[in-house]
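Enquirer: Next up is a structure, given as structure tokens.
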Amino acid sequence: MPQENTAAAAILARYQHWMQSIRERDLEAILDIYADNATYMPPGKPAFSGKQALREVWAGYLQREDFVASYVPTLHLCDAGDMAYDIGRYRISLKKEGLPVSFEGKYVVVWKRIDGHWKAVVDMDNDNGPAVQDAPTA
């Protein structure tokens, strides 16, 4: 299998593991996705860098009732085979004040091969804002 296909398969497997870890609320497995010095940039908040900061952010997410995240990755691999980036879209659902809420957005994750493992070094997401409803017809 060419190196590009192997890298893409490995990163896609990391995404599956990431989403499974969210469903299982496995904070340690989620943190393992990230490099030690990774930066996460959520919408409307400052950037968070390093494992301790990511631990605090993700622990907060996992405490939300019915929190579920689904990512649809589109990978782009560098020629050297040690870095990749993903421009994708996501959907998150949860309960807020007992009511179901969901939103969609887009994201960028930069991946780097570190000690033989693909790790997220930059993770940035941005929700699409409120859904636009069609104007009523007269």
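The values are calculated or read from the model by the stated rules, or taken from the named source; none is laboratory data. Being a predicted model, the structure only gives us computed values, none of them experimental. Here Cβ is always computed from backbone atoms with ideal geometry, including for glycine, and neighbour counts include all displayed protein chains. Side chains are part of the model used for accessible areas, which takes the heavy atoms of the whole protein and leaves out ligands, DNA and RNA. Shrake-Rupley method; radii C 1.70, N 1.55, O 1.52, S 1.80 Å.
Enquirer: Kindly provide the set of residues from region 110-124 that are at pLDDT 95 or above and open to solvent by less than 50 Å² (accessible area, probe 1.4 Å), ordered by number.
Expert: VAL110, TRP111, TRP118, LYS119, ALA120, VAL121, VAL122, ASP123 - these are the residues of region 110-124 that are at pLDDT 95 or above and open to solvent by less than 50 Å² (accessible area, probe 1.4 Å).
Enquirer: What residue, of TYR90, TYR107, is touching an Asp or Glu at 6+ places or on another chain (Cβ under 8 Å), open to solvent by less than 30 Å² (accessible area, probe 1.4 Å), in a strand (DSSP E or B) and at pLDDT 95 or above?
Expert: On the way: TYR90 fails: at pLDDT 95 or above.
Step by step, each of TYR90, TYR107 is checked, and only TYR107 is touching an Asp or Glu at 6+ places or on another chain (Cβ under 8 Å), open to solvent by less than 30 Å² (accessible area, probe 1.4 Å), in a strand (DSSP E or B) and at pLDDT 95 or above.
Enquirer: Check ALA38 against each of (1) surrounded by fewer than 18 Cβ atoms within 10 Å (Cβ to Cβ); (2) within 26 Å of GLY81 (Cβ to Cβ); (3) over 12 Å from the mean Cα position of the chain (by Cα) and name the one condition it does not meet.
Expert: (1)
Enquirer: Just one of the numbered conditions (1) open to solvent by 30 Å² or more (accessible area, probe 1.4 Å); (2) touching a residue at least 60 places away in the same chain (Cβ under 8 Å) is not true of GLY98; which one?
Expert: Condition (2) is where GLY98 drops out.
Enquirer: Further question: Among the residues of region 8-18, write down those that are open to solvent by 20 Å² or more (accessible area, probe 1.4 Å) and closer than 17 Å to ALA69 by Cα. If you could, list the steps in order and put the result at the bottom.
Expert: The initial filter retains those residues of region 8-18 that are open to solvent by 20 Å² or more (accessible area, probe 1.4 Å), namely 8-10, 12-14, 16-17.
Matches in region 8-18: LEU12, ALA13, ARG14, GLN16, HIS17.
Enquirer: Take region 30-82 and flag every residue that is part of a loop (DSSP other than H, G, I, E, B), among the small types (Gly, Ala, Ser) and touching a residue at least 40 places away in the same chain (Cβ under 8 Å).
Expert: GLY81
Enquirer: Might you let me know whether region 61-74 holds any residue that is closer than 21 Å to ALA8 by Cβ and exposed (fewer than 11 other Cβ atoms within 10 Å of the Cβ)?
Expert: Checked against the condition, which is being closer than 21 Å to ALA8 by Cβ and exposed (fewer than 11 other Cβ atoms within 10 Å of the Cβ), region 61-74 yields at least one hit.
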